[in-house]
Amino acid sequence: MSTNQDSFKKIISHAKEYGFIFQSSEIYDGLSAVYDYAHNGVELKNNIKKYWWASMVQMNDNIVGLDSSILMHPTTWKASGHVDAFNDPLIDNKDSKLRYRADVLIEDYITKIETKINKEITRAKKRFGDSFDENQFRDTNPRVLENQKKIDNAISVMKKCFDDDDLVSLKQLIEDLEIVDPVSGSKNWTDIKQFNLMFSTSIGASSESASEIYLRPETAQGIFVNFLNVQKSSRKKIPFGIAQIGKAFRNEIIARQFIFRMREFEQMEMQFFVKPGTQSDWYEQWKQNRIKWHKALKLGDDNYRFHDHDKLAHYADAACDIEFNFPFGFKELEGIHSRTDFDLSQHEQYSGKKLRYFDPEINESYIPYVVETSIGLDRMFLAVLSSSFCEEKLEDNNSRTVLKIPDFLAPYKLAVLPLVKKDGLSELATKIFDNLKVHYNVAYDEKDAVGRRYRRQDAIGTPICLTVDHDSAKNDTVTLRFRDSMEQIRVPISEIKNEIDKRTSLHNWLS
Ligand code: GAP
């Protein structure tokens, strides 16, 4: 296992231990690729949303917000192309008559080999005792290496099959890996057929009158179908944009990388409506605008790169991803797509309603072209979490785990810590806490030695710890200790709010 995989595992367990992310329905053994955001996670997630919304909607007078519903008229998805072309591969066993997802069969095969590797490691651990070095064992043991090669090969061939949309080779992979039906043990497989990624449910009171509808697989269509309503009611002139944050649902094929690929996730999307012929300029502008937004977070400029799409979707005339260097390598964080007039034209055709803009400058009506920016909120969360996670050796030979989250995104801006509970320090600290909590999310902690309390706040990324000590009551000052530098300064109580604003506020960041 590489160091990156090690650190990814640590990040996942840190996220659970410190209340950022839990597996959904864990007591029932979880639901694959579905996660819950815990008390610290929801604060970080909300702060990321606020940052995106403020920089998209608040800072751009030609972009307005929207919150459209998850359930939409089923024809929406016919018009958008999702009913016909948003698919996954299914395979049947001819003997057992059971149906499987081709990717799940391959994933199960991989899990079995992983189990073999883990058994080898457990045996070796017993044999070598304290001197056992797991990384070295994984890098040198021939059986582990051979099994790891099988896993890597299966993943890479499977990925290629999906990239090339090659179901014949995917079936061949199942045969080459000698995968058997888990129930009958038979290798008698049918060809693979596509199945749709959208989750469906039914709407209506009785089984006779109920009809099938879908949970939206992207938020964008809610924007397209509302285009004219928003344009008329907001009186915006082209070019203008509509932004929204909301849940999307996909019955994903490969759901292996924590919150990177989920079945229920959130998107932050913005559709920018422009005059036909101007779309490539706007596409370039939005590319630059979005990369600047990412880099402003200072998670490391080298962690971002553009990936231009070679194969364009039929409705796009240009598209790229902003990729982030996640613990498992560079992967898509945000998509920027020049979607032409495809979506509005389709909705015009399927609904029979005109979706055109009358342009007073040229005295003509037209279907606007669209440049889309679409970022997964959960992927953004993972980018922030994984790049902020640090294990540091300290001068006194102790170590600490610290989340160096950008200050204005941190779940708590400040933690108030009385040095001891007695001598009136708790009372003074509570007073300070009560005054500040109306402005920010503030933590209060008076349990254990102050050093341990600092570590707890470091581990959840609190940028400032405020300590109330015996001098505080005498001279109205407190100590502020900063998470990253661990530097401490003394400030008057009257100055605390200024200091916190200066260092942690979103409006300072935006301006
Ligand atoms: N409206 C365009 C659209 O939905 P997409 O590339 O399919 O395009 C946009 O998705 C973004 O949504 C991706 O860049 C990614 O950040 C996020 N995303 C897509 N599928 C996801 C999943 N299963 N889990 C988490 N995030 C996902």
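The values are calculated or read from the model by the stated rules, or taken from the named source; none is laboratory data. From a predicted model like this one, the values you see are computed outputs, not experimental measurements. Cβ sites come from the backbone with ideal geometry, for glycine too, and all protein chains shown count toward neighbours. Side chains are part of the model used for accessible areas, which takes the heavy atoms of the whole protein and leaves out ligands, DNA and RNA. Shrake-Rupley method; radii C 1.70, N 1.55, O 1.52, S 1.80 Å.
What the table below lists for this structure:
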| item | result |
| --- | --- |
| Shape of the range 394-510, Cα gyration tensor, a/c cut at 1.5 | oblate |
| Farthest positive-ward along the chain dipole, Cα basis, beta-carbon charges - from Ala54, Cys161, Tyr37 | Tyr37 |
| Hydrodynamic radius (Kirkwood) for the chain, which is based on Cα pairs only, to one decimal in Å | 26.3 Å |
| Between the range 57-71 and the range 75-138, the Cα center-to-center distance that results, in Å | 39 Å |
| The range 394-510 - percent of accessible surface contributed by carbon and sulfur, probe 1.4 Å | 48 percent |
| Residue-by-residue Karplus 3J(HN,Hα) for the range 327-335, coefficients 6.51, -1.76, 1.60, Hz, glycine and proline x | x, 9, x, 6, 9, 4, 10, 9, x |
| Ranked order, His314, His39, His347 - accessible area, probe 1.4 Å, largest first | His314, His39, His347 |
| The range 256-339, accessible surface, carbon-and-sulfur percent (1.4 angstrom probe) | 45 percent |
| Efficiency of FRET from Cβ geometry, Lys125 and Ile362, R₀ 56 Å, rounded to 0.05 | 0.15 |
| Accessible area expressed per residue, the chain, with surrounding protein chains retained (probe 1.4 Å, Å²) | 50 Å² |
| C-alpha center-to-center spacing [the range 201-237, the range 494-508] in angstrom | 42 Å |
| Length-normalised contact order for the range 394-510 - Cα pairs under 8 Å, 6+ apart - percent | 30 percent |
| Label-point separation, Asn229 to Lys311 (7 Å along Cα→Cβ), nm | 3.6 nm |
